[in-house]
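The values are calculated or read from the model by the stated rules, or taken from the named source; none is laboratory data. A quick note: this is a predicted structure, and the numbers were derived from the prediction, not measured. FYI the Cβ positions are ideal-geometry reconstructions off the backbone, even for glycines, and counts take in every protein chain you see. Accessible surface areas use protein heavy atoms only, side chains included; no ligands, DNA or RNA. Shrake-Rupley method; radii C 1.70, N 1.55, O 1.52, S 1.80 Å.
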Amino acid sequence: MLVKGESIFQKIYRYLKENPDSIYEDQDFETAGLEDSYYIFFGEILPDNIQKAKAQNLLKLLNNYLDNESEHNNLLNFLNEDRFITYYFEFCRLLKLYILEDLINVEKLADIGIKLSTCSSNYEEVKVGITILGLCEPENSRKIVKILGMHSEFTFYAVTSTGNWDHYNTFVFNLAKRTYGYGKVHCLKSLYAMNDEIKQWIIEQGSMNVVLKEISAVLCTKKVNISWYLKSRNIGKNELSKVSLILYYILSEDDYDIYENEDSLETVKLYIKYAEKYAHCFHDLCAVAYIEERMRPYLTDDEASSKRKNGWTITIEKEIKNKCLSILINDKWKTVFKESLKKADEPGKVYMFISEVIGLKLTFDELMPILEKDKYNIDVYLYLSEGKNANNMKQLINYAYKTLPLKKIFSGAVDIDEEHITTDCKPDICIYCILRNLSYCSFVDMELPTMALKARFPENREEAVHYLKKHKENWNNETVSKIKEAIEEEKSQSIKRKMNELLNINGTKKREYTNVSNLLVKPFYKDIYLFSTDIAGVFYRDTSVVEDNIKINDMLFLKHDTNNPYDENAVMVTDNTGYILGYIPRGANKQLKNLLKGGKYLYGRLKKCSFDDNYMNIDVYLSYKDVQESIKDTITAMDGEADSLKQ
């Protein structure tokens, strides 16, 4: 929108005039340029035909505007329909073609570019204006584009549309030194490391940002070999910390392959050499810790997720790992860690990782600085809930009651799938962390799971059912009433069935043990696989007794139920304590019963299991134990005969 008052350009120009040689700070660096940047780096690209159609429409509207200024509103309305970035590259391609083929009046177009860039209060109009100036390059366009480029909302357009300008790299470098946030990332992406001054700036300043830190660090390593910096500079504490920042950012990303960079081995060796002498700050601690974590000399190339190359060997990794460990054992790091945690400038997951590396158990109070900056920090909720510390969990639950939007979280059943999970769902995930781990605590909390029966997240409702199933001895009349209410409102048939089962477990689910002390066997490589089968009758068993103790691939044991009044071939399936989980189904049990009666040993391996669905599936094996016992008896007998002959 062309305005009579102060335009976007005029506002930036006034600030820079009052604050020469400074960064334009009258913007939110965490949000300015965010939407366009996320589209560029992570967005789903529009189909080519749609991009072409939008680019052609914009060009048509610009042509109309060239001939008649009253067409401006049509142009503005079109730009407000869709973000310019979604078809930006196609528009640039088409506009270049029109300019080269003299299909558009370049002089008039340049005037329109200046007008949109300098007189508008609409961000999309300014972006189009910058793009036109970059492609047409009329007089004074450099000054206009440079001024607007200092706002992170426009930096991308400033550095991409001007690619054919003389001294382009110098223009980008000068802009990079006066930008921050997403704007700085785009400058870094477009910058060529053509001389030592630029290389040094990339290493020392390139990754210092408040957004896309990991991407910035990766860009730095692609532009400049860190080993060059470590070899060409006089390295002290300050210089080491600059390198530490880059290494920490790239190595903290799970999908980063340390073997990929050609100079990675030389970089790590040089870095550790200097770290042994100068490492002192939290970023140094992080870099060394992540290097140590990436060194896995106990894995062969076949076992590792990526193959070693560029000089890396098991021996070298072992050597570097040991050097890292010798740096990390210094007690000073606990003080460094705690001072950094008070500021909480790094992601929560980093503090959790480093605390484990240096052997610190964190309390709720110590993690409060992170929660003060992000009250829905999932990393903190995970750490405290999984730590099995009753005091931490109680404090976390109390904090959740005070800070989470419980009315919204427990607003009623909604089936939200993974594709529709957004940052708006973070409070729901925080509750999930608590519910998922509440069973492992030494105390019982019935209030939260009862409330969670009406959680909008299906996973939270399932966890609530699971918890209430295990703690039915703590129910009261209100609990039963809340379950009945939840059943009426439940939309998921699977969860509704589990809720209905909750009301039927008191007095109806069996708890039985049998003696299996003489049936316990250890797996042996000569054991014979027989078949796979579901365990029958799990529905009638109170599995809450064993749910926390049984996991996939555990051994279960088979015993003939000689007193079963319904089936003489009945074969029980138990855990190692003799708790009866169910039976081998009819039709598959007769041969197993005969084997057991004949002195054979049978066991199962748990392959699939869902206690909520009353479902267990096992692989049945014939143990080699009876053969071993027979051989042992034979040897004992032979030894006895030999002794008698000696006498």
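Of note:
- Failed condition for S544, given (1) over 23 Å from P458 (Cβ atoms); (2) surrounded by 13 or more Cβ atoms within 10 Å (Cβ to Cβ); (3) of a type outside the set (D, E, K, R): (1)
- Looking only at residues of region 44-58 that are free of Cβ contacts under 8 Å to residues at least 40 places away in the same chain and outside any helix (DSSP H, G or I), we find that the one that is surrounded by the fewest Cβ atoms within 10 Å (Cβ to Cβ) is E44.
- Which numbered condition K189 misses (of (1) within 30 Å of N225 (Cα to Cα); (2) open to solvent by 10 Å² or more (accessible area, probe 1.4 Å); (3) part of a loop (DSSP other than H, G, I, E, B)): (3)
- Within region 16-25, the set of residues being more than 39 Å from the chain's Cα centre (by Cα) and not acidic (D, E) comprises L16, K17, N19, P20.
- Restricting region 608-620 to residues that are touching a Lys or Arg at 6+ places or on another chain (Cβ under 9 Å), open to solvent by less than 50 Å² (accessible area, probe 1.4 Å) and not acidic (D, E), the residue that is nearest to Y467 (Cα to Cα) is F611.
- Assessment of region 491-503 against the conditions (open to solvent by 80 Å² or more (accessible area, probe 1.4 Å), more than 30 Å from T423 (Cβ to Cβ) and more than 35 Å from the chain's Cα centre (by Cα)) yields no matching residue.
- Just one of the numbered conditions (1) more than 21 Å from L212 (Cβ to Cβ); (2) in contact with a helix residue (DSSP H, G or I) (Cβ under 9 Å, 6 or more places away or on another chain) is not true of L34: (1).
- Boolean, A400 is modelled with pLDDT of 90 or more, under 18 Å from T450 (Cα atoms) and of a type in the set (A, V, I, L, M, F, W, C): yes
- Filter result for M499 (under 20 Å from I584 (Cα atoms), free of Cβ contacts under 8 Å to residues at least 60 places away in the same chain and of a type in the set (A, V, I, L, M, F, W, C)): no
- Residues (open to solvent by 40 Å² or more (accessible area, probe 1.4 Å) and in contact (Cβ under 8 Å) with a residue 40 or more places away in the chain) located in region 556-577: K559, N576, T577
- Residue check, S37 surrounded by fewer than 15 Cβ atoms within 10 Å (Cβ to Cβ) and among the small types (G, A, S): no
- Candidates E339, E317: the one that is modelled with pLDDT under 95, outside any loop (DSSP other than H, G, I, E, B) and charged (D, E, K, R) is E317.
- Filtered residues of region 589-607 (kept if modelled with pLDDT under 95 and open to solvent by 50 Å² or more (accessible area, probe 1.4 Å)): K590, Q591, N594, L595, K597, G598, K600
- Filter result (touching an Asp or Glu at 6+ places or on another chain (Cβ under 7 Å) and either under 15 Å from E153 (Cα atoms) or not polar (S, T, N, Q) (or both)) within region 2-60: Y15, A32, G33, K52, K54, A55
- Among the residues making up region 37-84, those that are among the polar types (S, T, N, Q) and either on the phi > 0 side of the Ramachandran plot or under 41 Å from the mean Cα position of the chain (by Cα) (or both) are S37, N49, Q51, Q56, N57, N77, N80.
- Residue that is farthest from N195 (Cα to Cα), among those in region 219-234 that are crowded, with 21+ Cβ neighbours inside 10 Å and of a type in the set (S, T, Y): T221
- Hey, S532 of a type outside the set (D, E), in contact (Cβ under 8 Å) with a residue 24 or more places away in the chain and open to solvent by less than 40 Å² (accessible area, probe 1.4 Å) or not: no
- Yes/no for I552 being of a type in the set (V, I, T) and open to solvent by 70 Å² or more (accessible area, probe 1.4 Å): yes
- Number of the exception - S355 against (1) touching a residue at least 40 places away in the same chain (Cβ under 8 Å); (2) touching a Lys or Arg at 6+ places or on another chain (Cβ under 9 Å): (1)
- Any hit, region 520-543, residues being under 19 Å from E447 (Cβ atoms) and assigned to a loop (DSSP other than H, G, I, E, B): no
- Yes/no for K332 being more than 24 Å from K394 (Cα to Cα) and exposed (fewer than 12 other Cβ atoms within 10 Å of the Cβ): yes
- Put simply, of L175, L191 the only residue that is farther than 25 Å from D254 by Cβ, among the aliphatic types (A, V, I, L, M) and within 32 Å of the chain's Cα centre (by Cα) is L191.
- Within region 450-462, the set of residues being in a helix (DSSP H, G or I), of a type in the set (D, E, K, R) and farther than 13 Å from M499 by Cβ comprises just one member, E459.
- Condition met for T479 (open to solvent by less than 30 Å² (accessible area, probe 1.4 Å), of a type outside the set (A, V, I, L, M, F, W, C) and over 30 Å from the mean Cα position of the chain (by Cα)): yes
Conditions tested, residue by residue: (1) under 30 Å from Y39 (Cβ atoms); (2) over 21 Å from the mean Cα position of the chain (by Cα); (3) open to solvent by less than 10 Å² (accessible area, probe 1.4 Å).
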| residue | (1), (2), (3) |
| --- | --- |
| K213 | yes, no, no |
| T267 | no, yes, yes |
| K277 | no, yes, no |
| H280 | no, yes, no |
| A289 | no, no, yes |
| Y298 | no, yes, no |
| K307 | no, yes, no |
| G311 | no, yes, no |
| K318 | no, yes, no |
